[in-house]
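The values are calculated or read from the model by the stated rules, or taken from the named source; none is laboratory data. Bear in mind the structure is a predicted one, so any value in this text is a computation, not a measurement. Cβ coordinates were reconstructed from backbone atoms using ideal geometry, including for glycine residues, and neighbour counts include every protein chain displayed. Accessible surface areas use protein heavy atoms only, side chains included; no ligands, DNA or RNA. Shrake-Rupley method; radii C 1.70, N 1.55, O 1.52, S 1.80 Å.
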Amino acid sequence: MTGQLEWEQLNSDYLAAGLQWLRTLLESDQPASADRWWTRDRFYQHPVPPALEVLKNRLGLSRFEVLLLLLCVAMELDPDTEARCARAHHDASLTAPTFSLALRLLPEPSWDALSAQSPLRYWRLIEVQPSSGRPLTLSPLRADERIVNYIKGLNRIDEWLVHLLRPVTVLPAKELPPSQQDTVARVLAVWDEPTSDALPPLVELIGNDRRTCRSLAAAAAARGMLNLYEADPAQLPTAAGELAEVLRRLDRESMLQPMACYLDLAELAPGTEAAAIRLATDCQATIIIGAGEPWPLSRRRTRLIDARRPTNAEQEQLWIELLGTEQRGLAARLADHYDLDPATIADCVEQATPLSTGQPAGDAGGAVADPELIWTVCRDQIRPRLAALAQCIDPVAGWSDLVLPAEEQQCLHQLADQVRGRPIVMRDWGLQRHDSRGRGITALFCGQPGTGKTLAAEVVAGELELTLYRVDLSGVVSKYIGETERNLRQVFDAAEEGGALLFFDEADALFGKRSEVKDAHDRYANIEVNYLLQRMEDYRGIAILATNQRNAIDPAFLRRLRFVITFPFPSRPERRALWQRAFPPGTPTEQLDLDRLAELPANGGVIRNISLNAAFCAAGQGSPVTMTLLLEMARVEFRKLEMPLTDHHFQLNQEPR
């Protein structure tokens with residue numbers, strides 16, 4: 001801090017000496033004397049020279065250009081400069097500095113300073129004010145506001161760029177886990193590469209998690225002693241001239257302060273791609289790109305670096321550090337189900353920590369996170385990301401609501417057991433070191449509509465305290481080549497943080513396309529299926545496919561699934577159990593004959609519709625649910641579905657068979 005105060009005083013003395021020299025020069029109206037005040041030793045006693053001298057060295061200004069710039073700056077710092085300029089011009093209307101005045105009075109004059117390509121004009125250090133009827137040499141000159149502030153010692157970002165650049169909070173690299181520190185070291189190594197090119201190498205951080213890419217870029221900037229700003233592609237002008245002006249000022253900004261520019265290319269708004277690519281390839285600043293896939297930037301040397309969240313073991317250690325060693329079991333379970341970055345892990349612990357103690361989470365003797373609450377907090381982290389891609393279903397059903405044969409029930413219990421046992425097998429038993437693939441728990445539910453596939457997924461999600469997301473594959477599959485994989489990638493990328501059960505309904509829409517390969521579309525159909533299964537295998541949560549037609553699925557695909565569970569049409573005892581569960585205890589009913597209702601050839605979905613319609617009608621009529629009303633609603637439902645109707649099914653006082 002003392003060094004900064006010393007520099008500020010030195011810079012102020014330097015400016016004061018320069019302004020006094022200009023006053024004398026303008027009042028005498030004579031060419032400059034031999035007093036070279038800028039060479040005085042006392043102005044260079046600090047390791048950092050005065051701001052104007054730094055500007056001279058970085059932008060390649062001549063001494064004449066430096067003094068001309070100081071003359072323009074004097075207009076902003078000394079209110080009497082206007083009158084002195086008018087006297088020196090011998091023209092009361094010329095109250096601002098001009099090239100003519102500078103060429104006549106300042107030492108080492110150079111006509112090149114008037115050129116549009118000279119540093120003064122190219123870098124917009126001064127602005128030539130339009131003046132009707134006057135030549136260039138007599139047009140008023142004005143110093144740019146950003147440059148005036150810089151020379152005064154105030155190094156703040158250009159107002160031209162405030163709408164485009166947003167400061168990124170810097171996360172010190174020492175707080176990152178080892179694997180991410182290695183990534184930061186790779187970025188720094190790229191910046192240290194010797195190069196003969198005008199532009200430094202561009203770093204592309206490739207990863208599905210935008211927050212991780214941004215935090216790694218911030219950590220690298222902190223290690224490199226750079227201020228990191230994120231450029232918003234949506235704020236870039238599309239007109240070539242306006243974009244060139246913004247890029248020039250951004251280049252100038254990179255010379256005025258140690259900075260790096262972060263560009264998120266993961267999700268570009270329509271119409272912004274061309275401007276974003278031009279910024280990445282043409283800007284002289286240090287550029288870091290965050291993207292899900294590499295961008296073809298042929299006009300600039302590029303280095304691709306994977307940007308990943310901490311490893312499973314590192315995440316477990318982060319949880320232990322914040323929750324305490326007594327919560328190792330919970331930490332292992334959290335690390336297995338959720339794939340979170342360090343900042344999100346810390347945020348989850350903070351949300352699950354009681355505020356009454358006033359102690360930060362993880363402090364010894366402070367508040368302790370609620371183990372039950374922290375699971376809920378983590379689960380809620382992925383809701384915003386998946387909400388636009390899938391339907392969220394809050395699990396409310398339990399095992400008692402599920403009516404299935406014993407063998408199928410057992411398979412569902414085994415599926416849940418595998419999820420609970422996965423962290424032990426992968427971590428404690430060493431299978432993760434043996435085979436890093438195959439972490440995903442995958443299943444195929446086969447059965448006609450209404451046989452309980454979605455309900456079973458809900459029961460499993462509730463048992464494991466996971467959020468259930470239903471993805472309609474018929475809406476994901478596209479006729480355009482490559483579009484289906486892109487849609488699937490969006491779903492899995494959004495769910496990668498884990499803690500969700502992905503239920504892909506209408507799988508026939510994708511698997512039904514598998515057939516004898518006759519043309520390119522058939523080959524791409526098989527690629528789409530393989531891509532889905534590969535992502536399911538790598539997914540750390542649970543991924544379940546639902547289909548109405550098991551025969552439509554190639555046996556080669558079935559072997560890649562952990563479970564294949566068939567949901568048969570319910571037998572008569574199972575239908576009776578479904579009717580028994582159809583109405584909650586609070587629903588008023590009157591003399592329902594469950595054995596008689598079980599005679600109806602209805603599956604669980606149809607029974608639910610009949611019972612719900614009957615309950616609505618009964619409530620509207622102010623009466624309880626009766627057998628007569630149920631049979632009437634059954635007749636309506638059977639007709640709607642074009643199911644076979646016989647009088648036997650809808651007659652009262654009929655002995656069940």
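State which residue pairs qualify: first residue within 14 Å of LEU455 (Cα to Cα) and inside the stretch 562-584, second residue aromatic (Phe, Trp, Tyr) and modelled with pLDDT of 90 or more in any location, beta carbons under 6 Å apart, and separation of 6 or more residues or different chains.
From the stretch 562-584, the pairs are ILE565/PHE445.
Do you know which residues across the stretch 378-388 are aliphatic (A, V, I, L, M) and buried (at least 17 other Cβ atoms within 10 Å of the Cβ)?
ILE382, LEU386, listed by residue number.
Inspect the stretch 212-223 for any residue being closer than 23 Å to ARG186 by Cα and open to solvent by 50 Å² or more (accessible area, probe 1.4 Å) and give the result as yes or no.
yes
Out of all the residues in the stretch 111-148, which are assigned to a loop (DSSP other than H, G, I, E, B), of a type in the set (Ser, Thr, Tyr) and farther than 28 Å from GLN257 by Cβ?
SER131, SER132, SER139
From the list ALA221, ALA260, which residue is in a helix (DSSP H, G or I) and within 30 Å of GLY153 (Cβ to Cβ)?
ALA221
Taking VAL606, is it under 21 Å from GLY450 (Cβ atoms), in contact with a Gly (Cβ under 6 Å, 6 or more places away or on another chain) and at pLDDT 90 or above?
Yes.
Just wondering, is there one or more residues in the stretch 228-246 that are assigned to a helix (DSSP H, G or I), over 12 Å from THR286 (Cα atoms) and β-branched (Val, Ile, Thr)?
Scanning the stretch 228-246, I find at least one residue that is assigned to a helix (DSSP H, G or I), over 12 Å from THR286 (Cα atoms) and β-branched (Val, Ile, Thr), so the answer is yes.
Any chance the stretch 559-572 includes a residue that's modelled with pLDDT under 90 and open to solvent by less than 70 Å² (accessible area, probe 1.4 Å)?
yes
Could you check how many residues of the stretch 291-308 are in contact with a helix residue (DSSP H, G or I) (Cβ under 7 Å, 6 or more places away or on another chain), in a strand (DSSP E or B) and of a type in the set (A, V, I, L, M, F, W, C)?
Selection size over the stretch 291-308: 1.
Taking ALA552, is it within 30 Å of LEU488 (Cα to Cα) and under 45 Å from the mean Cα position of the chain (by Cα)?
So ALA552 passes the test.
Consider only pairs whose beta carbons are under 6 Å apart and that are at least six residues apart or on different chains; among these, list those whose first residue lies in the stretch 24-42 and is within 26 Å of HIS90 (Cβ to Cβ) and whose second residue is of a type in the set (Lys, Arg) and surrounded by 11 or more Cβ atoms within 10 Å (Cβ to Cβ).
Listed by first residue and then by second, the contacts come to LEU26/ARG84.
Tell me, which helices (runs of 4 or more DSSP H) wholly within the stretch 429-495 include 3 or more residues that are of a type outside the set (Ser, Thr, Tyr), open to solvent by 10 Å² or more (accessible area, probe 1.4 Å) and at pLDDT below 80?
The qualifying helices (runs of 4 or more DSSP H) are 431-434.
Within the bounds of the stretch 234-251, is there any residue that is touching a residue at least 24 places away in the same chain (Cβ under 8 Å), surrounded by fewer than 18 Cβ atoms within 10 Å (Cβ to Cβ) and under 23 Å from ARG385 (Cα atoms)?
yes
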